[in-house]
Amino acid sequence: MRDTSYAMSEPEQKTAPDQPKEGDPDLLEKSTLYREFLAEKEEILRHKWIESEKVGHDIGFERALLDWIIKYRAGWRKQRRQSSS
């Protein structure tokens with residue numbers, strides 16, 4: 001039987017000075033992906049409020065999420081990409 005328990009060295013990772021390092025407590029706040037998630041969540045909550053007002057009762061997050069994804073997500077993402085360029 002072959003011994004495969006040897007340790008493999010991890011490749012050296014180089015990060016740019018403005019990139020968060022692993023273990024950094026502000027990693028989430030500095031993450032572009034996390035910031036995009038928060039912005040999208042805010043839009044979904046706004047959509048939930050507007051649609052709930054229209055029908056006179058809370059439509060719930062899941063319904064608002066699906067409705068927003070189907071109707072507005074592609075355009076919202078396109079607009080964000082254009083404004084960040």
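Residues in the stretch 37-85 that are in contact (Cβ under 8 Å) with a residue 24 or more places away in the chain and not β-branched (Val, Ile, Thr): Ala39, Glu40, Glu43, His47, Trp68, Tyr72, Arg73, Trp76, Arg80. The set of residues in the stretch 30-48 that are more than 21 Å from Ile59 (Cα to Cα) and of a type in the set (Val, Ile, Thr) contains only Thr32.
Of the residues in the stretch 49-57, at least one is on the phi > 0 side of the Ramachandran plot, of a type outside the set (Asp, Glu) and at pLDDT 80 or above.
The values are calculated or read from the model by the stated rules, or taken from the named source; none is laboratory data. From a predicted model like this one, the values you see are computed outputs, not experimental measurements. No Cβ is skipped: glycine too gets one built from the backbone with ideal geometry, and neighbour counts run over all protein chains shown.
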